[in-house]
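Bear in mind that the values in this text are calculations on the coordinates, not laboratory data. Everything numeric in this text was worked out from a predicted model, so none of it was measured. For neighbour counting, all protein chains shown are included, and Cβ atoms are generated from backbone atoms with ideal geometry for every residue, glycine included.
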Ligand SMILES: [Zn+2]
């Protein structure tokens, strides 16, 4: 079986088929606000593997950033296809969430039906939103009217010019920390809970009531070395959880220092933070959360990809060959087609799932 998919529909079909083959019950939450380009349902599919009353739960989410789902989905389908769910310890269960942002996957974008970056949406929208003062200064410098190699290059040149004046930290913070003022811009976190956030929180509340220990992995792509996993922990370097994570996965765990310069943007509204807060309100289980990125291309290529994504979203109805070409380029940035990249994803993911379940059963 080939685990990777070329589209959301194909990915969902593979996931549902492997669940059916293994007699796993799928709970499908259909997005009432949108359909796929071919008119199909956009769903957040939820599957529980293992004993219903298990107190230790491994929660897997993918596709928080839409098109990045293709990779996380492949790791889940592989795990199920290899029947790893039959090897769970008695007190352990796995909760799989297939495509937090199906809309973004179906439309080849990182954001949802309202251009919300879901990984900036998991905060309290009744409180005053965090300010991102540099975003407003940077946005017009990197904005493009036409999309082609020259305009994209110019945009990145302007980014570096801004960085040389304001500092690289402030430039990266401006574009990646999240912003709550410009609904059509990059990194928009929304001004209310998205459909995906509401559904995910409800799922977590109903399924994890009895959980005492929860480990959560949110799969992403785009940061790190080509084809290799890059672990981002929210726990402080040197803390007990941080040490535990380093032991479980026996790999370099990073705090939010994702760039070589040791820069730590203060991300707002992260999904894993939102889940932690919700679990804490629920039954106060012990929680270990990590984001696992699979590296694709260099920083400039990925900054360019954010600009491409934003332009493509603003021009969703433009059917020109230029738009089609740029969409393919964008997908490649987050989901490389090279067989070696994909083989590396699968072999690392296989090990990561094993290590996680080993860690959880001994926790
Ligand atoms: Zn991502």
Have a look at the stretch 30-187 and give its Rg and Dmax from the Cα atoms, expressed in angstrom.
19.8, 58
If the elastic network links every pair of Cα atoms under 10 Å, which of 61, 13, 221 fluctuates the most in the Gaussian network model of the chain?
13
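What's the FRET efficiency of residue 191 with residue 38 using the Cβ-Cβ distance as r and R₀ = 35 Å, to the nearest 0.05? Could you put the intermediate results ahead of the total?
On the way: r = 31 Å, r/R0 = 0.87.
Efficiency for this residue pair is about 0.70.
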Please report the equivalent ellipsoid semi-axes of the stretch 238-363, computed as sqrt(5 x eigenvalue) of the Cα gyration tensor, largest first, in whole Å.
33, 19, 15
If you rank 26, 324, 57, 199 by fewest surrounding Cβ atoms within 10 Å, what's the result?
324, 26, 199, 57
Going 7 Å from the Cα of residue 347 toward and past its Cβ, which residues in the stretch 1-25 have a backbone nitrogen under 19 Å from where you end up?
1-4
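Sort 220, 210, 348 so the one with the fewest other Cβ atoms within 10 Å of its own Cβ comes first.
Values: 220 26, 210 14, 348 17.
Sorted ascending by nearby Cβ count, the order is 210, 348, 220.
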Hull volume per residue for the chain, using the convex hull of the C-alpha atoms, in Å³ is 129
Along the three principal axes, how long is the stretch 99-156 when you take its alpha carbons, biggest first, rounded to the nearest angstrom?
40, 32, 14
Burial ranking of peptide ranges 72-80, 223-231, 118-126 (average Cβ count within 10 Å, highest at the top):
72-80, 118-126, 223-231
Within the stretch 83-97, the residues whose backbone N lies under 19 Å from a label point placed 7 Å from the Cα of residue 23 along the Cα-to-Cβ direction are 83-90, 93-94
Place the peptides 305-311, 237-243 in order of packing, highest mean first, counting for every residue the other Cβ atoms within 10 Å and averaging per peptide.
305-311, 237-243
Which residue, 344, 109, 321, has the most motion in a Gaussian network model of the chain that connects Cα atoms within less than 10 Å?
321
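How far, in nm, would the chain grow between residue 250 and residue 340 when pulled straight, counting 0.36 nm per residue and subtracting the alpha carbon separation?
Details: separation 90, 0.36 × 90 = 32.40 nm, distance 2.27 nm.
Gain on stretching residue 250 to residue 340: 30.1 nm.
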Once R0 is set to 51 Å, what does the formula 1/(1 + (r/R0)^6) return for the Cβ-Cβ distance between residue 212 and residue 166, expressed as a FRET efficiency to the nearest 0.05?
0.65
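Starting from the Cα coordinates of the stretch 12-101, work out the convex hull volume and express it per residue in Å³.
Numbers: hull volume 8.6 nm³, N = 90.
Per-residue hull volume (Cα only) is 96 Å³.
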Across bins of 5 angstrom width beginning at 0, how are the C-alpha pair distances of the stretch 278-318 distributed, in whole percent?
5, 16, 12, 13, 11, 9, 12, 15, 6, 1
Using Cβ contacts closer than 10 Å as the measure, can you line up 52, 35 from fewest to most?
52, 35
For the chain the mean separation of alpha carbon contacts under 8 Å (6+ apart) over residue count, i.e. relative contact order in percent, is 21
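Rounded to the nearest 500, what is the chain's calculated 222 nm mean residue ellipticity when only DSSP H runs of at least 4 contribute -39500 (n - 2.57) each, over all residues? Numbers along the way, then the final one.
Details: 12 runs with 158 residues, N = 363.
Mean residue ellipticity, 222 nm, calculated: -14000 deg cm²/dmol.
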